[in-house]
Each structure stands twice: as C-alpha cells, then as structure tokens.
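Below: one structure, written as structure tokens.
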Amino acid sequence: MPNFGLIGKNISYSFSKTHFTAKFENDDLDYSYENFDIDDISQFPYILKNNPELLGLNITIPYKESIIPYLDELNEIAKEIGAVNTIKIESSGKLKGYNTDYYGFQHSIQPLLKPHHKKALILGTGGASKGVAYGLKNLNIPFDFVSRQHNGNVKYVYSDLTDMIIASYQIIINCTPIGTHPNVNECPDIPYDGITSEHLLYDLIYNPIQTKFLICGEIKGATIINGFKMLEFQAQKAWDIWSMA
C-alpha cells in the first residue's frame, strides 16, 4: 500500500513520483509513492478507502480547487489562496489541506527578479494561478489575470491583448496547461511581438523542458524559466508538512 501519492488527471508524466521515490531511497525511508490518475474528483473517497496506509497526498491539475470540499480543514494560507496542492492525513484520519505552490513559485522566481520587473501578467485562472498570485503578493509585485472569458478578477481576455499591453508587463507567467507534452506545438495566444529583452517569461510547465511559450520569449531576448525549480521547492515544503509532528 502506498504511503503518499499524487491525485490528478493524465499524470503519467509527473515529476512527483520520481522525485519522492528517489528521496525515499536516498534517505533510506520505508515509504512508497503512487500516482492516482482519476477522471473525476468524485473518485477521491474511493482512493482513501482503498489505501488506508496513506499519510499524505499531492494534488495537481485539475483538482486543486475541487478537492477542497472533501477536506476537513485548511491551513490559513491555503484558505486565503483558495487552492490546495498538498494534503496531510492526520493520525485521526482528518484531512488537512495546504498550498505549497506559492512557496515553490516565490523561491524559484526570486533570484531572477531585477528592479525593472515591476508588474506581472498571469495567464490562466485555475488553482495553480492562485498560488502564483499569492507568491507575487508576497514579493510586492502587482499583477493582472488573463483568461478566456471575463469574470470577477480577470482584467483581460486573450483577444484584448496588444503588443503595447504585453510590453507593459515585464513578467508573464503561464499557469495554463497549454504546451504540455504531447501538445508541444501549442502556446498561449498572446502577441509575442510585444516581448523584449526586459521581459521575464515563466512557464509552470516542465515537460517539455522548454515550451513553445518559452522558445518564443527566448527568441525575443527574454529571460525564461520553466516550472522545475518550483516543483522542487514545493515538493520539499510538502515533505516538511508531512513529516512534522
């Protein structure tokens, strides 16, 4: 029976199982990690019922928000963010939700920030984008959202974007799954001609290592980073949560 695992959809590519399996082997820990690939979040209770040895779970796309009603408690940061990517299963059986995405994002982007990186544009409004937004708040970087349709917090839909708008945001973060393997020829529909060498493009995707979004930015001279460092940082934070008394 696995002790830890990942809940998601189409997650065969995932970093988490490889990362934690290697960690358990290197640290001589008698734990195992398994991917739980489900078509609908309603299957979550069956995973818990059939795997009573579980101590903790990671949550990925598309369930970071829809998992919340199944939890007994959220820590304060996860509550404020409104998305969960880590669950600790208490000895009592209670499920407590956390968000470590914000931590991973914040610590991975921080070394790349320069004084001219004053404003960020977040592509996407899903659970991952909420962690990114919280990290940007911690870094005192104002931001706006882009989505396919207008709703509460969205400033732009994709058709609104112009070269001038893109040029006015020195940080652009792709929080959508567009460009993930195997759809490597896809990228967010933004006017890339507005990107300059002053830009920082961040893609939460890490498979492929360099998405078309990042390639388009690199061609324009922008600084680019994928989501791998973010994953390493958030995974370490998840382990800290699972292993705390």
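Summary of computed values
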| item | result |
| --- | --- |
| Qualifying residue in region 66-76 (condition: more than 12 Å from Tyr134 (Cα to Cα), buried (at least 23 other Cβ atoms within 10 Å of the Cβ) and either in contact with a helix residue (DSSP H, G or I) (Cβ under 8 Å, 6 or more places away or on another chain) or not aromatic (Phe, Trp, Tyr) (or both)) | no |
| Pro62 more than 18 Å from Gly104 (Cα to Cα) and part of a loop (DSSP other than H, G, I, E, B) | yes |
| Residue in region 103-124 that is hydroxyl-bearing (Ser, Thr, Tyr) and under 17 Å from the mean Cα position of the chain (by Cα) present | yes |
| Selection within region 76-117 - part of a loop (DSSP other than H, G, I, E, B), within 25 Å of Leu48 (Cβ to Cβ) and without any contact (Cβ under 8 Å) to a residue 60 or more places away in the chain | Gly82, Ala83, Val84, Glu90, Ser91, Ser92, Gly93, Lys94, Asn99 |
| Only listed residue being modelled with pLDDT of 95 or more, of a type in the set (Ser, Thr, Tyr), more than 22 Å from Tyr103 (Cβ to Cβ) and surrounded by 18 or more Cβ atoms within 10 Å (Cβ to Cβ), chosen from Ser147, Ser168, Ser197 | Ser147 |
| Residues satisfying the stated conditions in region 150-165, i.e. assigned to a loop (DSSP other than H, G, I, E, B) and either surrounded by fewer than 17 Cβ atoms within 10 Å (Cβ to Cβ) or modelled with pLDDT under 95 (or both) | His150, Asn151, Gly152, Asn153, Thr162 |
| Failed item, numbered, when Tyr134 is tested on (1) touching an Asp or Glu at 6+ places or on another chain (Cβ under 9 Å); (2) part of a loop (DSSP other than H, G, I, E, B) | (2) |
| Verdict on Ile38 being surrounded by fewer than 18 Cβ atoms within 10 Å (Cβ to Cβ) and hydrophobic (A, V, I, L, M, F, W, C) | yes |
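Every residue, every condition in (1) crowded, with 19+ Cβ neighbours inside 10 Å; (2) among the charged types (D, E, K, R); (3) at pLDDT below 95; (4) under 20 Å from Lys118 (Cα atoms), yes or no:
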| residue | (1), (2), (3), (4) |
| --- | --- |
| Ile172 | yes, no, no, yes |
| Leu201 | yes, no, no, yes |
| Asp240 | no, yes, no, no |
| Ser243 | no, no, yes, no |
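The values are calculated or read from the model by the stated rules, or taken from the named source; none is laboratory data. Please read these numbers as outputs of a predicted model, since none were measured by experiment. Counting neighbours? That spans all protein chains shown, and the Cβs are built from the backbone with ideal geometry, glycine included.
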